[in-house]
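The values are calculated or read from the model by the stated rules, or taken from the named source; none is laboratory data. These figures come from a predicted structure and were not determined experimentally. Here Cβ is always computed from backbone atoms with ideal geometry, including for glycine, and neighbour counts include all displayed protein chains. Surface areas here come from the heavy atoms of the whole protein model, side chains and all, with no ligands, DNA or RNA. Shrake-Rupley method; radii C 1.70, N 1.55, O 1.52, S 1.80 Å.
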Amino acid sequence: MNKVLRYGLQAFNYALFMGVVWYFSIYPPYHQLDEDQAVITLSFTHATKLREACRKKTQEELSKLAPNMRLQMDCPRERSPLRLELYLDDELLTNASAEPVGFHKDQSVNLFQRVKVKAGEHRLRVWMNDDVNVIGATYEHEQAVILKPEQQLLVDFNAGSGKFMLK
Amino acid sequence: MNFVNPLRRAYLAMEAWFTFAFGAEWNPLYNMGRLAFFFFWVVFISGLYLFIFFDTSLSGAYSSVEYMTHEQWYAAGVMRSLHRYASDAAIITIVLHMFREFALGRFKGFRWFSWLSGVPTLWFVITLGITGYWLVWDELGLYVAMLSSQLIDALPFISGSMARNFIGDQLSDRFFSLMAFLHFLGQPLFLIFALWIHVKRLSHVKVTAPKGLAIGSFVSLLALSLAAPAVSHKAADAGQVPAVLNLDWFYLNVYPLMDYYPAGQTWIITLSITFVLMLLPWLPPKKTGPAAVVHLDHCNGCEQCAEDCPYDAISVQARTDGAKFENEVKVNPHLCAACGICVGSCPSSNPFRQKGKLLVTGIDMPQMPINDIRERMNAALASLTGENKIIIMGCDNALDVSRLEEPGLEALSLFCIGMMPASLVDYALANGADGVFITGCRSGDCYHRFGNIWLDKRFEGSRQPILRRRAERARIEVFRAAATDSSNLQKELAEFKAHIQKLNNEKMAEQPESAHE
């Protein structure tokens, strides 16, 4: 075959291949948000309340145990699940629930959730229950926020102060 | 006309186009695995250079990449682009490599191991690319870090929250250094190990691309790097979520799925696809024929079969039968693909041996012993009629030669054309054939990797056992043909017949003169 034609075809194939490499390395652009959207990210780790309080074991229960295992108190380790509702201008944005981690569900609850919202001025309300023995909210927070387009607003919770923080 | 599935037909047509443009030796579709290795080398060398200037701290990573891209664009900038584009090209070649094996049905039976080990290897490459994007620590890096962490957090055995690290200012240099360590050393080591496993059942593994293809690929990569240098997004900012990102779809295609599915479901989708791909060799399974057997009485331990076996199924060990030879060969039936190439390699497969008796060779296929092949050849030679008697030899994985039979033509098909002892051609010519036409898989694309290469070398005299000089080369034609190359082969065969006719006429013309003398 004509050498020039052969090299020409090879050049065409290389160009085509590199064209594909270049195009899909950046295109088509991925739109994760609309231009007028912001993101609210719920992210915190929280040790919820124990499901059951400690109680004193009865004599009958103690007698069934080996002498070296006769602890007076029975303290179940399992913690409560966490339920959280996020409202924006009184409209429910997300209704999250999470179980404590660990085989015995005795560790913290990790909550991480992202919600896309329209940028602008809003009233944000967070409702949280971290105790199965309580009906209704154990913590609640309401605050006015101004969200710019492409902004990420972090909703965090500080267990020490028992307050939500918006950053 | 025999049925060739449309996918295979389309792929063979594409291969023919590339052979037309590049020639068989440089055909990229025959060298996808080797090209992937070549791109890995480009990634490795460019990566070493980038490592010199890269700052592995959280605060310094982005600015160091920006320095390389803009201040030192002529060296580190080009290296960065080579690093990115070669990584992308590697993904294309790996996917095409997989597609090729699938389209040509080369993933079942004895090939299950290479397929099964190859699928997770693709994951190793993808995760290596993901951490690479992470390290730039621009908006895309933060996006990758955030979503990767969400995927990791969704795993049942993970107790903490990794994603939380990327919100606010909680990320430390230490974590970033860990990612750098993973990308520079940890993941590449895993990848090398995975690649070693992937090719473990093959012999004569070639991991370097043919020179011409390597030069062409590098020049085009360099041209792309200069024409469209790789650049970063804006610096990562935990308080911002960019509306638009320029994703590298070769590596980051899983993340947009998370817009529609939670992390747990994204895992289920991707793992399900992976497992289905891994199970393909058994959907349905394909049986490999009985393994080759060694007949020690006829084996002198020359080791040629062990040298020729494409699947590393034959090993050499010390003689066990007390014969005067030093070594003997042993077949591992779990690795044997029943291709029969070892039969063609064995000097004892010479059909001129043990005339009138049972022909036994040193290593043989129980389902098609060499004696049967000689018997079939004898029958074919006996049934040849007409002026130009031609024997056609082919293989079961290329064009079906039985379709070519007509008066004056007799066809024999073997498991692989490399199964044919070169002396069988000599035998056919010495016993009444006017010509021998040999086909088999296309050059550079033997179903059993080396069958047609070894045969060509035996004919050239550069690999044992050779075709003896007395076999008249003018009466032997080799024309490779895939299942879809029927018309080309018919044309070539017609020309060969005319050529044989001419040779016969010349011979006839010479005879009266010699008789006169």
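Quick check on the stretch A:45-58. Is at least one of its residues within 14 Å of another protein chain (Cβ to nearest Cβ) and among the polar types (S, T, N, Q)? Yes, that holds for at least one residue.
Residues in the stretch A:61-88 that are of a type in the set (A, V, I, L, M) and either within 22 Å of A:His104 (Cα to Cα) or under 17 Å from the mean Cα position of the chain (by Cα) (or both): A:Leu65, A:Met69, A:Leu71, A:Met73, A:Leu82, A:Leu84, A:Leu86. Scanning the stretch B:197-207 for residues that are surrounded by fewer than 18 Cβ atoms within 10 Å (Cβ to Cβ) and not in a loop (DSSP other than H, G, I, E, B) returns a single hit, B:Ile197.
Restricted to the stretch B:208-259, and to residues there that are charged (D, E, K, R) and open to solvent by 30 Å² or more (accessible area, probe 1.4 Å), the residue that is nearest to the other protein chains (Cβ to nearest Cβ) is B:Asp259. Is it true that some residue in the stretch A:33-44 is within 10 Å of another protein chain (Cβ to nearest Cβ) and either of a type in the set (Ser, Thr, Tyr) or part of a helix (DSSP H, G or I) (or both)? So far as the stretch A:33-44 goes, yes, one or more of its residues are within 10 Å of another protein chain (Cβ to nearest Cβ) and either of a type in the set (Ser, Thr, Tyr) or part of a helix (DSSP H, G or I) (or both). The set of residues in the stretch B:283-327 that are surrounded by fewer than 17 Cβ atoms within 10 Å (Cβ to Cβ), part of a strand (DSSP E or B) and touching a helix residue (DSSP H, G or I) at 6+ places or on another chain (Cβ under 6 Å) contains only B:Val316.
The listed residues are B:Asn31, B:Asn27, and the only one of them that is away from chain A (no Cβ under 12 Å), among the polar types (S, T, N, Q) and open to solvent by less than 20 Å² (accessible area, probe 1.4 Å) turns out to be B:Asn31.
Kindly establish whether A:Tyr14 is more than 8 Å from every other protein chain (Cβ to nearest Cβ), of a type outside the set (Gly, Ala, Ser) and part of a helix (DSSP H, G or I). No; evaluated as a whole, the condition is false for this residue. Is it the case, given these coordinates, that B:Ser114 is more than 11 Å from chain A (Cβ to nearest Cβ), of a type outside the set (Asp, Glu) and in contact with a Lys or Arg (Cβ under 7 Å, 6 or more places away or on another chain)? Yes; evaluated as a whole, the condition is true for this residue. Inside the stretch A:65-109, residues that are of a type in the set (D, E, K, R), outside any loop (DSSP other than H, G, I, E, B) and more than 14 Å from chain B (Cβ to nearest Cβ) make up a count of 4. The residue of the stretch A:89-103 that is nearest to the chain's Cα centre (by Cα), among those that are among the hydrophobic types (A, V, I, L, M, F, W, C) and exposed (fewer than 14 other Cβ atoms within 10 Å of the Cβ), is A:Leu92.
With respect to the conditions (1) under 22 Å from B:Met420 (Cα atoms); (2) of a type in the set (Gly, Ala, Ser); (3) without any contact (Cβ under 8 Å) to a residue 24 or more places away in the chain, B:Ala318 lacks only one, and its number is (1).
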